[in-house]
1. Would you mind telling me the antiparallel percentage of the DSSP bridges in the chain, rounded to 5?
2. Out of every Cα-Cα pair in the range 17-56, what percent are more than 12 Å apart?
3. Semi-axes of the equivalent ellipsoid for the range 1-110, please: Cα gyration tensor eigenvalues, times 5, square-rooted, ordered largest first, whole Å.
4. Under a 5 Å amide H to amide H cut-off, with H placed in plane at 1.01 Å, what residues pair with residue 56 once short-range neighbours are removed?
5. For the range 111-238, what mean projected area does the convex hull of the alpha carbons give, in nm²?
6. Rolling a 1.4 Å sphere over the protein heavy atoms, what is the accessible area per residue of the range 121-174, to the nearest Å²?
7. Just to be sure I understand: of the beta bridges DSSP finds with both ends in the range 146-221, what percent are antiparallel, rounded to 5?
8. Give me the net charge for the shell around residue 53: Cβ to Cβ below 14 angstrom, other residues only, Lys and Arg +1, Asp and Glu -1.
Amino acid sequence: MLEISNLTKIYKGGKKAVSNLSLTIESGDIYGFIGHNGAGKTTAIKCIVGINDFDEGCIRIDGHSVSEEPLLCKKITAYIPDNPDLYEYLTGVQYLNFIADMFSVSKEDRTLRMSKYAEMFEITESLGDSISTYSHGMKQKLAIISALIHKPKLLILDEPFVGLDPKAAYVLKQIMREFCADGGAVFFSTHVLDVAEKLCNKIAIIKQGELIASGSIDELTHGASLESVFLEVVARAE
């Protein structure tokens, strides 16, 4: 579903934010991407979704090149940044309809998906309100719903649990599992290692732009906690 081959991103001044990163995320994977602040997670994610260009390597989504077929890749991908910027002068339902229009989602499909996810996140009654009145958590919920409105194949999330209350975080985990059970794939960054350990089937650890470990949870932990493995692997890479 997502193939990253030798991805390298160099910022002005010669700093390598991502260096020779290669990962394969398959249909059905909930793939966690972990590392310290400044490790290169967000830079890599922005390259995947087409926000950042990159200097070397190739990224393919469902067999299509992000560089050569950007629109096609965007049609089958959904991205939720760590701090989503929404059009606050719109109401929640206006924003969702705007996103649905961009992806040519039928009225029947958008209505069903809006209703389903709004009920799950308990924001149905707030969809008629201006987004400017929403709390950070409500904006995060709306961003998640908007990402799912066109039924993407690949879901990319950057720190998706930040700002969500415990019940909303539980609902998001349910949605991610359901999404992958239907043949989709999820790739997300997180600092919450307990969540990654319980939710993901695969993990990649990045440090200073370089991949230092990757594989299934069982392969990486061998019965130990992900937290202890993460600390050991990072220390060993110094």
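The values are calculated or read from the model by the stated rules, or taken from the named source; none is laboratory data. Predicted model only: the values in this text are computed from it and were never measured. Reconstructed Cβ throughout: ideal geometry from the backbone, glycine too, with neighbour counts over all protein chains shown. Ligands, DNA and RNA are stripped out before the accessible areas are found, and what is left, the full protein with its side chains, is counted by its heavy atoms. Shrake-Rupley method; radii C 1.70, N 1.55, O 1.52, S 1.80 Å.
1. Here the antiparallel bridges make up roughly 55 percent for the chain.
2. Cα-Cα pairs in the range 17-56 separated by more than 12 Å: 65 percent.
3. Values: eigenvalues 159, 62, 36 Å².
Each semi-axis is the square root of five times an eigenvalue, giving 28, 18, 13 Å.
4. The list, which skips near neighbours in sequence, is 8.
5. With the hull built on Cα positions only, its mean projection is 9.1 nm².
6. For the range 121-174, the solvent-accessible area averages 40 Å² per residue.
7. On the way: 6 of 11 bridges.
Approximately 55 percent, going by the DSSP bridge assignments.
8. Neighbour charge sum, excluding residue 53 itself: 0.
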